[in-house]
Amino acid sequence: MTETIFISGIDTDAGKSYATGWIARKLAAEGKRVATVKFIQTGNQGHSEDVDLHRRIMGTSLPEDVLGITAPIIFSYPASAQLAARIDGRTIDLSHVDRSISALSEAGYDVILVEGAGGLMVPITDDVLTIDYPVSRGLPVALVTNGRLGSISHTLLALHAIRTHTLSLKWLIYNEHFDSDPVISADTRGFLRRYVSTHFPEASIIVVPSFDPDRPDAK
């Protein structure tokens, strides 16, 4: 049975694509067939730069990339989904994402990682937020955070949203790529470990190391 996980971040530039590609590579090394999907891509035409990054890190391509299955919704303007859709004169139909997940599941993938667009509260329309997608589809969530100053508050707000929407937190993903101040990053990591172990004991913490996306095995 295919496991589908929705990966979000504490903000727009939390390192979701970087973390998604690394986790996909790690799961593939454990013998799993892994596919990644970009929930909604903005700022591109005809391809998803985030899926491109996943593949560079994974060191492979998927046949479904060519068919557009792994990036079912793409807008040209680099903005939130609802604004990008308005600029392109289009509407957002999330059933395209559902069909992509179904196609990948039918193709026999063990794990599907769906990388969100921005944070959990990013608007899709005036009435639908990103968080509504995993809620309505019953998907577990993984949250990408980091050690930048201010990330603790952003992380706790996202975790509060996850709890209030009765979502299951599968992973808290700590991305070391942004560790610039060792004192702040060590404190952030320690605090978040304690918080998650107390409030989300069912969740695992994954630490994604800093690496060159074009040479993920160079460490």
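The values are calculated or read from the model by the stated rules, or taken from the named source; none is laboratory data. Owing to the predicted nature of the structure, the values given are computational and were not obtained by experimental measurement. So basically every Cβ, Gly included, is an ideal-geometry build from the backbone, and we count neighbours across all protein chains shown.
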Search result, residues across the range 113-134 that are buried (at least 21 other Cβ atoms within 10 Å of the Cβ), of a type in the set (A, V, I, L, M, F, W, C) and in a strand (DSSP E or B):
LEU113, VAL114, ALA117
For the structure I just gave you, tell me whether ILE57 is buried (at least 23 other Cβ atoms within 10 Å of the Cβ), within 17 Å of GLY118 (Cα to Cα) and of a type in the set (A, V, I, L, M, F, W, C).
no
Restricting the first residue to the range 196-209 and requiring it to be in contact (Cβ under 8 Å) with a residue 24 or more places away in the chain, which pairs with a second residue that is surrounded by 11 or more Cβ atoms within 10 Å (Cβ to Cβ) and in a loop (DSSP other than H, G, I, E, B) meet a Cβ separation below 8 Å and a spacing of at least six or different chains?
VAL196/ALA203; GLU202/SER168; VAL208/GLY15
Just to be sure I understand the filter: pairs with C-beta atoms under 8 Å, separated by 6 or more residues or on different chains, first member in the range 59-75 and under 21 Å from LEU94 (Cβ atoms), second member small (Gly, Ala, Ser) and assigned to a loop (DSSP other than H, G, I, E, B). Which pairs pass?
GLU64/ALA107; ASP65/ALA71; THR70/SER48; ALA71/SER48; ILE74/GLY46; ILE74/SER48; PHE75/GLY43
Selection within the range 19-50 - without any contact (Cβ under 8 Å) to a residue 40 or more places away in the chain and either small (Gly, Ala, Ser) or buried (at least 20 other Cβ atoms within 10 Å of the Cβ) (or both)
ALA28, ALA29, GLY31, GLY46, SER48
Which of the residues spanning the range 79-89 are under 23 Å from SER136 (Cα atoms) and not in a helix (DSSP H, G or I)?
SER80
Residue by residue through the range 4-33, note down the ones that are assigned to a helix (DSSP H, G or I) and either in contact with a Lys or Arg (Cβ under 7 Å, 6 or more places away or on another chain) or closer than 17 Å to SER210 by Cβ (or both).
LYS16, SER17, TYR18, ALA19, THR20, GLY21, TRP22, ILE23, ARG25, LYS26
Looking at ILE162, ILE152, ILE92 in this structure, which one is touching an Asp or Glu at 6+ places or on another chain (Cβ under 9 Å) and modelled with pLDDT of 95 or more?
ILE152
Filter the range 52-98 down to residues that are basic (Lys, Arg) and touching a Pro at 6+ places or on another chain (Cβ under 7 Å), then give me how many there are.
1
